[in-house]
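Below: the structure, in structure tokens.
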Amino acid sequence: MNQANAPELGGIKRISNNRTSKLAHTWKQYKRNRYLFMLLFPALIWYVVFEYGPIYGIQLAFKDFFIRDGIWGSPWVGLKHFKYLFFQSPDFLRVLRNTVVISLYHIIFGFPAPIILALLFNEVRFKRFKNFTQTLTYLPYFFSWVVLSGILVMLLSPNTGVVNYVIEWFGFDPIYFLGSEAYFQLSLIMSAIWKDVGWGMIIYLAALAGIDPQLYEAAVMDGANRWKQTLHITIPSILPVIAILFILRIGGVLNAGFDQVLNLYNANVYAVGDILDTYVYRIGLQNFQFSMTTAVGLFKNVIGFALVMITNYIVKKMGQEGIV
């Protein structure tokens, strides 16, 4: 019996030795690069304090929070707040629908925009013109929505806005873009594309810069024109980047742009412009219903995580690299 168990014990011993050697090698790598890892400490501390620390407060979603009792002393109420949101709240389903609709518009129209723009800029050969237009394109990204909303209000004003001057010049009536339910979501989508398209374009231009020029040379020798080169070389080469950004974008489908909506919406467009983030801001910070807002935040995070995992699984099944 001892002889029969000898090969098995030898195999276990070899596995244990291999694990020990790997741990020793890993520790040696950490020790060798310890000064580089020290540079990570500020970022790690930031994540611990601002990303993982607030997880402690998730329990508020299952409690009736009272400031005088604190988090631990507040009574447990189970799924009370979730039941209220889904079955009793007069606003939650409406703001959830608005959030999903606006996010889908962002994905349908906003996600392809930087890809198309990057492909167009990739074909420009006049360097000065290319650099100048690139700067103009991604400049709005560095302005906050507080500044941009003021610019948009002036441009889209029905009385003094430049856009409505042009509309009236063509013989049409002025449009109250930011005060009309029919045009508010369109204004959100177009202004978001205007702000973010330049930054997204830079990411894709960086991916395009990594394509091997020999692929294009071979395609030219085979008689491929610019369209066929784009279709069969350029787009497949940047598909991994597109896939990763698409996964992350789908994960944020319940984030429809709090800063933008808060600075642009008004009471006239609550029916189509009120989203989950502005709803949380209103009932949480203004009405002090912290447990309810925690429940909304937990709902958003669970749905976002599920969408990321599902989208990542589908993307990997299609032959692309996912994020996990």
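Scan region 52-63 and give yes if some residue there is among the polar types (S, T, N, Q) and either assigned by TED's automatic domain parsing to the domain that holds residue 261 or in a helix (DSSP H, G or I) (or both), otherwise no.
Within region 52-63 (the criterion being among the polar types (S, T, N, Q) and either assigned by TED's automatic domain parsing to the domain that holds residue 261 or in a helix (DSSP H, G or I) (or both)), the answer is yes, since at least one residue qualifies.
From the list 22, 63, 28, which one is surrounded by 13 or more Cβ atoms within 10 Å (Cβ to Cβ), farther than 27 Å from residue 247 by Cβ and not polar (S, T, N, Q)?
After ruling out the rest, the residue left standing is 63.
Just wondering, is there one or more residues in region 203-224 that are at pLDDT 90 or above, within 30 Å of residue 119 (Cβ to Cβ), assigned by TED's automatic domain parsing to the domain that holds residue 151 and under 18 Å from the mean Cα position of the chain (by Cα)?
yes
If you scan region 222-231, which residues turn out to be out of contact with any helix residue (DSSP H, G or I) (no Cβ under 8 Å at 6 or more places or on another chain) and either closer than 28 Å to residue 312 by Cα or part of a helix (DSSP H, G or I) (or both)?
226, 227, 231
For residue 163, state whether it is surrounded by 13 or more Cβ atoms within 10 Å (Cβ to Cβ), farther than 28 Å from residue 310 by Cβ and in the same structural domain as residue 121 (by TED's automatic domain parsing).
In short, yes.
Could you please give the count of residues in region 96-149 that are in contact with a Gly (Cβ under 9 Å, 6 or more places away or on another chain) and small (Gly, Ala, Ser)?
To start, the set of residues in region 96-149 that are in contact with a Gly (Cβ under 9 Å, 6 or more places away or on another chain) comprises 98, 102-103, 106, 110-111, 113-115, 117-118, 134-141, 145.
Narrowing the set further to residues that are small (Gly, Ala, Ser) leaves 103, 110, 113, 118.
The qualifying residues number 4.
Of everything in region 101-121, what is part of a helix (DSSP H, G or I) and either crowded, with 16+ Cβ neighbours inside 10 Å or not assigned by TED's automatic domain parsing to the domain that holds residue 235 (or both)? Give them in sequence order.
102, 103, 105, 106, 110, 113, 114, 115, 117, 118, 119, 121
If you take the residues of region 288-320 that are surrounded by 13 or more Cβ atoms within 10 Å (Cβ to Cβ) and charged (D, E, K, R), which of them is farthest from residue 58 (Cα to Cα)?
The extreme case among them is 316.
Please verify whether region 245-268 includes one or more residues that are among the aromatic types (Phe, Trp, Tyr) and at positive phi.
no
Pairs only if they're at least six apart or on different chains, beta carbon under 7 angstrom, first in region 298-318 and without any contact (Cβ under 8 Å) to a residue 40 or more places away in the chain and assigned by TED's automatic domain parsing to the domain that holds residue 243, second small (Gly, Ala, Ser) and in a helix (DSSP H, G or I); list them, first residue then second.
Sorted first by the residue in region 298-318, then by its partner, the list stays empty.
So, residue 91, is that one in the same structural domain as residue 271 (by TED's automatic domain parsing) and not polar (S, T, N, Q) or not?
It is true that residue 91 is in the same structural domain as residue 271 (by TED's automatic domain parsing) and not polar (S, T, N, Q).
Which pairs have Cβ atoms under 8 Å, sit 6 or more apart or on different chains, and link a residue in region 59-83 that is closer than 11 Å to residue 290 by Cα and among the hydroxyl-bearing types (Ser, Thr, Tyr) to one that is in a loop (DSSP other than H, G, I, E, B) and modelled with pLDDT under 90?
Close Cβ pairs (under 8 Å, with a partner that is in a loop (DSSP other than H, G, I, E, B) and modelled with pLDDT under 90) do not exist here.
Kindly indicate whether any position in region 202-220 is closer than 30 Å to residue 162 by Cβ, in contact (Cβ under 8 Å) with a residue 24 or more places away in the chain, part of a helix (DSSP H, G or I) and hydrophobic (A, V, I, L, M, F, W, C).
Taking every residue of region 202-220 in turn, at least one turns out to be closer than 30 Å to residue 162 by Cβ, in contact (Cβ under 8 Å) with a residue 24 or more places away in the chain, part of a helix (DSSP H, G or I) and hydrophobic (A, V, I, L, M, F, W, C).
Pick out the one residue from 45, 55 that is within 14 Å of residue 298 (Cα to Cα) and exposed (fewer than 12 other Cβ atoms within 10 Å of the Cβ).
Just a single option satisfies the conditions, and that option is 55.
Examine region 299-310 for a residue that is in contact with a strand residue (DSSP E or B) (Cβ under 9 Å, 6 or more places away or on another chain) and of a type in the set (Gly, Ala, Ser), and state whether such a residue exists.
Our first condition is that a residue be in contact with a strand residue (DSSP E or B) (Cβ under 9 Å, 6 or more places away or on another chain); within region 299-310, this holds for none.
Scanning region 299-310 turns up no residue that is in contact with a strand residue (DSSP E or B) (Cβ under 9 Å, 6 or more places away or on another chain) and of a type in the set (Gly, Ala, Ser).
Of all residues in region 64-89, which are charged (D, E, K, R) and in a helix (DSSP H, G or I)?
80, 83
The values are calculated or read from the model by the stated rules, or taken from the named source; none is laboratory data. Not measured: the values here are computed from a predicted model. As a convention, Cβ positions derive from the backbone with ideal geometry for all residues, glycine included, and neighbour counts pool all protein chains shown.
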